[in-house]
């Protein structure tokens with residue numbers, strides 16, 4: 001080190017390390033959470049109806065707090081945009097396709113499943129959205145960040161947040177006593 005200079009401050013040392021998402025889990029009284037890894041996710045913009053008919057005819061369009069049955073699902077996030085989510089790969093051509101465009105989004109969203117009898121209370125703590133009112137869009141503000149919220153069963157919710165917000169969401173959930 002040169003005379004009179006100081007070492008560069010490393011801000012990263014003040015943040016806890018990310019958990020290994022493959023094995024992470026939160027268990028609280030009445031609810032639990034775990035990351036969901038390995039989902040296929042494709043963002044479709046424009047005339048998404050045409051894209052779904054041609055390339056994902058079995059996809060069910062899902063709005064806020066709706067129960068998504070089956071696989072794949074088309075999560076409505078804007079008037080002209082869906083996030084297509086499934087357990088297997090999609091045969092959707094990427095790029096501009098006439099009236100719609102598609103882009104891979106598998107690494108763009110961090111996904112958490114929450115379940116248990118107290119799960120809805122934790123979800124309601126994170127959002128001011130009226131979950132009992134129906135909305136065609138599953139996009140909400142959750143714990144201060146943009147998210148997509150729906151259910152996989154009556155007592156099982158799924159949250160998608162942009163991947164950089166994943167550790168923040170995880171820490172927020174860990175802080176909930178349950």
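Here, each number is a calculation from the coordinates, and none is a lab measurement. Only a predicted model underlies this, so the values are computations on that prediction, with no experimental measurement involved.
Please compute, for the alpha-carbon atoms of the chain, the extent along each of the three principal axes and give them in descending order in Å.
On the principal axes, the chain reaches 66, 44, 28 Å in Cα extent.
Suppose the chain between residue 78 and residue 103 were pulled fully straight at 0.36 nm per residue; how much longer would it get relative to their current alpha carbon spacing?
Here the segment from residue 78 to residue 103 would lengthen by 7.4 nm.
In deg cm²/dmol, rounded to 500, what helix-only [θ] at 222 nm does the chain give when every DSSP H run of at least 4 residues adds -39500 (n - 2.57) and the total is split over its residues?
Taken over the chain, the calculation gives -4000 deg cm²/dmol.
Where does the stretch 32-129 land on Rg(C-alpha)/(2.2 N^0.38 Å)?
Expressed relative to 2.2 N^0.38 Å, the Cα Rg reads 1.15.
Which percent, nearest 5, of DSSP beta bridges in the stretch 26-174 are antiparallel?
DSSP beta bridges in the stretch 26-174 are roughly 90 percent antiparallel.
If you take the Cα Rg of the stretch 70-127 and divide it by 2.2 N^0.38 Å, with N the number of residues, what do you get?
Here the Cα radius of gyration is 1.45 times the empirical estimate.
Using Cα-Cα distances under 8 Å and only pairs 6 or more residues apart, what relative contact order does the chain have, in percent?
It rounds to 25 percent for the chain.
Based on the Kirkwood radius over alpha-carbon pairs, what is the Stokes-Einstein translational diffusion coefficient of the stretch 75-171 at 20 °C with 1.002 mPa s viscosity, in µm²/s?
146
Give, in nm to one decimal, the length gained when the segment between residue 128 and residue 94 is fully stretched (0.36 nm per residue of separation minus the Cα-Cα distance).
8.7 nm
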